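Inspection log for the structure reproduced underneath, given as structure tokens.
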Amino acid sequence: MSTDLVRVRTGVYHDSVSLMRVSQAVTGLPGVEVAVVAMATELNRGIAAELGFDLPEAGPADLLIAIRSGGPAALEAAAAELDRLLAGLAGRTGGG
């Protein structure tokens, strides 16, 4: 049974190329089926919705995080790695 994590980080910005790399890295983790880490634009929200994620309200200036995994342990590991990767982006860009 799949387990989903959906979060919105209000007012957090990272460029689309960096977020695409983060999405790919998280999707490649053991037990992760798919990850969408992107700015919550209409297009990106549509992609996440098509993948079956139940999305909260968010705007294009917000960071959308949606991860689907094979279970809670994989999801917890993916969330921890996601936080590590995003912290690296914030450190590299001086904020975000």
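Structural remarks
- Residue that is modelled with pLDDT of 95 or more, among the basic types (Lys, Arg) and either in contact with a Lys or Arg (Cβ under 7 Å, 6 or more places away or on another chain) or over 19 Å from residue 91 (Cβ atoms) (or both), where the choices are 9, 45, 21: 45
- Subset tally (residues that are within 13 Å of residue 10 (Cα to Cα) and touching a helix residue (DSSP H, G or I) at 6+ places or on another chain (Cβ under 9 Å)) for the range 42-66: 5
- If you go through the range 13-54 and keep only what is farther than 23 Å from residue 2 by Cα and among the hydroxyl-bearing types (Ser, Thr, Tyr), you end up with 13, 16, 18, 41.
- Conditions (1) touching a helix residue (DSSP H, G or I) at 6+ places or on another chain (Cβ under 8 Å); (2) more than 20 Å from residue 89 (Cβ to Cβ); (3) buried (at least 16 other Cβ atoms within 10 Å of the Cβ): number failed by residue 39: (2)
The values are calculated or read from the model by the stated rules, or taken from the named source; none is laboratory data. Computed from a predicted model, the values in this text were never measured in an experiment. Ideal geometry is used to build each Cβ from the backbone, glycine not excepted, and the neighbour counts take in all protein chains shown.
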